[in-house]
Amino acid sequence: QVQLVESGGGWVQPGGSLKLSCAASGGSLDLYSMSWYRQAPGKERELVAIIVSGGGSNYADSVRGRFITYSDSTKNTMYLQMNNLSPDDTAIYYCNARRNRIDYWGQGTQVTVSS
């Protein structure tokens, strides 16, 4: 089964940018439906972005136009470029791989946006 490891989180000031990575092992990302979720303190986990078949992507309304997700098959890694960050983006970010109705999750990476 696939294992996922996120990295790239940290602290950034409002208006700043971060790039998250989700490195996969034990399976090719091309065989999975890949997405990013986040969970803020006291809130439910929410879908942020998903890579759809054909290489396109869909985004939550709250991040559309600021976040971009894509994958690099040669590195078996998915990325989330986050721009113009605001305090509302503060959360733990998780990557998700889904196949045959089974979900695989990484451990998450903390993103904190504050001045």
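The values are calculated or read from the model by the stated rules, or taken from the named source; none is laboratory data. Being a predicted model, the structure only gives us computed values, none of them experimental. Note that we place each Cβ from the backbone using ideal geometry, even for glycine, and neighbour counts take in every protein chain shown. In case anyone asks, the SASA skips ligands and DNA or RNA and just uses the protein heavy atoms, side chains included. Shrake-Rupley method; radii C 1.70, N 1.55, O 1.52, S 1.80 Å.
A few points about this structure:
- Test result for residue 72, under 15 Å from the mean Cα position of the chain (by Cα) and more than 21 Å from residue 90 (Cα to Cα): yes
- Take the conditions (1) open to solvent by 10 Å² or more (accessible area, probe 1.4 Å); (2) part of a strand (DSSP E or B); residue 54 misses just one of them, which is (2).
- Within this structure, residue 85 passes the test of being within 11 Å of residue 18 (Cβ to Cβ) and outside any strand (DSSP E or B).
- Filter result for residue 70 (touching a residue at least 60 places away in the same chain (Cβ under 8 Å) and not in a helix (DSSP H, G or I)): no
Conditions (1) open to solvent by less than 10 Å² (accessible area, probe 1.4 Å); (2) without any contact (Cβ under 8 Å) to a residue 40 or more places away in the chain; (3) at negative phi; (4) in contact with a Lys or Arg (Cβ under 6 Å, 6 or more places away or on another chain), marked per residue:
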position	(1), (2), (3), (4)
60	no, yes, yes, no
63	yes, yes, yes, no
96	yes, no, yes, no
109	no, no, yes, no
112	no, no, yes, no
115	no, no, yes, no
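- Count of segment 20-51 residues which are closer than 16 Å to residue 94 by Cβ and part of a strand (DSSP E or B): 18
A quick yes/no check of all residues on (1) touching a residue at least 12 places away in the same chain (Cβ under 8 Å); (2) surrounded by fewer than 17 Cβ atoms within 10 Å (Cβ to Cβ); (3) closer than 18 Å to residue 113 by Cβ:
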| residue | (1), (2), (3) |
| --- | --- |
| 12 | yes, no, yes |
| 19 | yes, yes, yes |
| 24 | yes, no, no |
| 37 | yes, no, yes |
| 79 | yes, no, no |
